[in-house]
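The values are calculated or read from the model by the stated rules, or taken from the named source; none is laboratory data. Every value quoted in this text rests on a predicted model; they were computed, and no experiment measured them. With ideal geometry, Cβ positions are generated from the backbone for all residues, glycine too; neighbour counts draw on all protein chains shown. SASA here: full protein model, heavy atoms, side chains in, ligands and nucleic acids out. Shrake-Rupley method; radii C 1.70, N 1.55, O 1.52, S 1.80 Å.
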Amino acid sequence: MIVLKSKDELQLMAGAGRLVAETHAVVAAAIKPGVTTASLDALAEEYIRDNGGVPSFKGYHGFPASICSSVNEVVVHGIPGPQVLREGDIIGLDIGAILEGFHGDMARTYPVGEISSEAERLLWVTQKALEQGVAAAIVGNRLSDIGHAVQSFVEAQGLSVVRDFVGHGIGRSMHEPPQIPNFGRPGRGPRLKPGMVLAIEPMVNTGGWEVVVLSDNWTVITADKSLSAHFEDTVAVTEDGPLILTEA
Ligand code: MG
């Protein structure tokens with residue numbers, strides 16, 4: 001069942017979303033060649049807790065860190081650790097926090113120093129794909145119109161959309177119904193209604209869409225080792241159009 005949120009609940013979710021967006025800004029400012037992914041994790045956890053929140057991912061099904069850090073061919077769910085960022089890397093950061101009982105969830109992929117034009121283009125296409133998905137999150141559309149918008153845009157740019165991981169409803173739980181694939185035919189699934197809150201999160205590869213999970217059971221990489229990017233926002237469906245909650 002898709003849980004609809006009241007106006008008051010949306011206010012609280014905007015607070016959680018704002019905290020997550022601010023955490024992104026703080027961590028993004030620390031990204032440079034030579035820093036470890038563990039140091040970014042520590043920075044995020046400190047900022048979230050200092051502001052009254054709890055990192056959503058820490059301990060989730062045993063996940064050992066507060067954020068996911070996914071470098072280069074890592075698609076999602078990379079575990080922060082001793083890995084040192086190098087000039088030319090791209091790093092996806094997925095950050096979630098609970099504040100006053102509600103979750104916010106947001107991902108961005110950032111350049112480390114100067115990056116290749118291929119990587120620049122990947123980041124641009126994935127950000128735009130997220131924007132296309134968000135623009136389809138309007139009252140009266142059906143759920144699959146979101147994924148269709150993402151896939152149509154990405155494939156027209158000659159890149160591919162990951163199939164094995166999807167977006168999700170979000171609220172008092174980090175993952176609520178419905179699942180939101182980033183691909184598929186339009187006009188399917190439930191009609192979008194005011195009060196639905198959706199984490200829309202395209203994952204885009206420069207090569208094929210196939211992915212592999214590493215032996216740590218978390219880290220997802222592209223099967224062909226091509227570059228991958230991930231952008232996510234938590235979005236409320238409202239009578240006035242999509243409202244992005246993960247904004248600073
Ligand atoms: Mg998510």
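If I filter the stretch 219-241 for residues that are open to solvent by 30 Å² or more (accessible area, probe 1.4 Å), away from the ligand (no atom under 13 Å from the Cβ), in contact (Cβ under 8 Å) with a residue 40 or more places away in the chain and closer than 20 Å to Ala107 by Cα, do I get at least one hit? Yes: the stretch 219-241 contains one or more residues that are open to solvent by 30 Å² or more (accessible area, probe 1.4 Å), away from the ligand (no atom under 13 Å from the Cβ), in contact (Cβ under 8 Å) with a residue 40 or more places away in the chain and closer than 20 Å to Ala107 by Cα.
Residue count for the stretch 1-34, restricted to those that are out of contact with any strand residue (DSSP E or B) (no Cβ under 7 Å at 6 or more places or on another chain) and outside any helix (DSSP H, G or I): 6.
Among the residues that make up the stretch 148-161, is at least one of them in contact with a strand residue (DSSP E or B) (Cβ under 8 Å, 6 or more places away or on another chain), assigned to a loop (DSSP other than H, G, I, E, B) and within 16 Å of the ligand (Cβ to nearest atom)? Within the stretch 148-161 (the criterion being in contact with a strand residue (DSSP E or B) (Cβ under 8 Å, 6 or more places away or on another chain), assigned to a loop (DSSP other than H, G, I, E, B) and within 16 Å of the ligand (Cβ to nearest atom)), the answer is no, since none of the residues qualifies. Among the residues of the stretch 196-218, just one is aromatic (Phe, Trp, Tyr) and either surrounded by fewer than 20 Cβ atoms within 10 Å (Cβ to Cβ) or more than 18 Å from the chain's Cα centre (by Cα) (or both), namely Trp218.
Of the residues making up the stretch 144-158, those that are open to solvent by 20 Å² or more (accessible area, probe 1.4 Å) and touching a helix residue (DSSP H, G or I) at 6+ places or on another chain (Cβ under 7 Å) are Ala149, Phe153, Gln157. When restricted to residues that are open to solvent by 50 Å² or more (accessible area, probe 1.4 Å) and in a loop (DSSP other than H, G, I, E, B), the stretch 35-58 contains 3. Taking each residue of the stretch 31-42 that is on the phi > 0 side of the Ramachandran plot and looking for partners that are open to solvent by 50 Å² or more (accessible area, probe 1.4 Å) with beta-carbon atoms closer than 7 Å, six or more apart or interchain, yields Gly34/Val84.
Considering only the stretch 175-195, state which residues are assigned to a loop (DSSP other than H, G, I, E, B), within 16 Å of the ligand (Cβ to nearest atom) and open to solvent by less than 10 Å² (accessible area, probe 1.4 Å).
Passing the criteria: only Asn182.
Among the candidates Ala119, Ala129, Ala137, the residue that is at pLDDT 95 or above, touching a Pro at 6+ places or on another chain (Cβ under 6 Å) and under 30 Å from Gly81 (Cα atoms) is uniquely Ala129.
Listed by position, the strands (runs of 3 or more DSSP E) inside the stretch 61-139 whose residues that are open to solvent by less than 30 Å² (accessible area, probe 1.4 Å), without any contact (Cβ under 8 Å) to a residue 60 or more places away in the chain and closer than 21 Å to Ser226 by Cβ number at least 1 are 67-71. For Ala107, the test of being within 14 Å of the ligand (Cβ to nearest atom) and among the aliphatic types (A, V, I, L, M) is passed.
Scan the stretch 5-18 for residues that are open to solvent by 10 Å² or more (accessible area, probe 1.4 Å) and within 14 Å of Ile244 (Cα to Cα) and the total you get is 6.
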